[in-house]
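First up is the structure itself, then whatever we jot down about it.
The values are calculated or read from the model by the stated rules, or taken from the named source; none is laboratory data. Just so you know, these numbers come straight off a predicted model, no measurement behind them. Every residue, glycine as well, gets a Cβ built from its backbone with ideal geometry; the counts of neighbours run over all protein chains shown.
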Amino acid sequence: MLPALTGFGVFDSPSDQEVVRITKLSDADIQARRQSGTLPYLAVLDGEAVGYGWCACRQAQFGSRSIPFHIPPWARYLQDFFTDPHQRGLGIYPRLLQAIIAKERVSANAFWILHQTTNIASSRGIAKAGFKVAATICFLPDRELGMIPVEPMGRTLAGAAMLGLPVVSHAEL
């Protein structure tokens, strides 16, 4: 757990109006996410919304191809995070991740998050929140996706099953 940040809080049931204001999504987009079982969380610092993230409970999609997948009832997929550029460097992102996990742990025991390998800031925030790398998603020779495992293999297999991707080795690339 990260040390407390004075003035920091997380709202797990913000109004649609609050979500529209910070995310710039339309009311229809927010309603569609909520109906699919994806819930917004807002990070607040000194009374002002400074970031957000979404927690998917039933279904989600990832990547530039928007690959859909189903989430088991005991798992959560964390996605679409943003921190106000003026508030970056304060640890908002990892604290928001930890707050979501603390809230969702009541009904879930597995939490998944993806990031692009080129997004170093996201990678650092995810690691600070306590996540461990399970696999690297890669393009296969046929331009489909696969997962290269990182130990322990059980986490890679669970992630591959949820995302519907094959587990491959470097030799297969």
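Before moving on, here are some points about what is shown:
- The residue list Gln116, Gln79 contains one member that is exposed (fewer than 13 other Cβ atoms within 10 Å of the Cβ), under 13 Å from the mean Cα position of the chain (by Cα) and within 22 Å of Ser64 (Cβ to Cβ), which is Gln116.
- Filter result for Thr136 (surrounded by 12 or more Cβ atoms within 10 Å (Cβ to Cβ), of a type in the set (S, T, N, Q), part of a helix (DSSP H, G or I) and not assigned by TED's automatic domain parsing to the domain that holds Ser13): no
- Residues of the range 61-105 that are in a strand (DSSP E or B) and farther than 22 Å from Gly130 by Cα: Gln61, Ile67, Pro68, Phe69, His70.
- Hits in the range 109-133 (condition: under 24 Å from Trp74 (Cβ atoms), touching a strand residue (DSSP E or B) at 6+ places or on another chain (Cβ under 8 Å) and assigned to a helix (DSSP H, G or I)): Ile126
- Condition met for Tyr41 (part of a strand (DSSP E or B), touching an Asp or Glu at 6+ places or on another chain (Cβ under 6 Å) and buried (at least 21 other Cβ atoms within 10 Å of the Cβ)): yes
- Test: residue in the range 20-39 that is closer than 22 Å to Ala160 by Cα, outside the structural domain of Ala160 (by TED's automatic domain parsing) and of a type in the set (A, V, I, L, M): no
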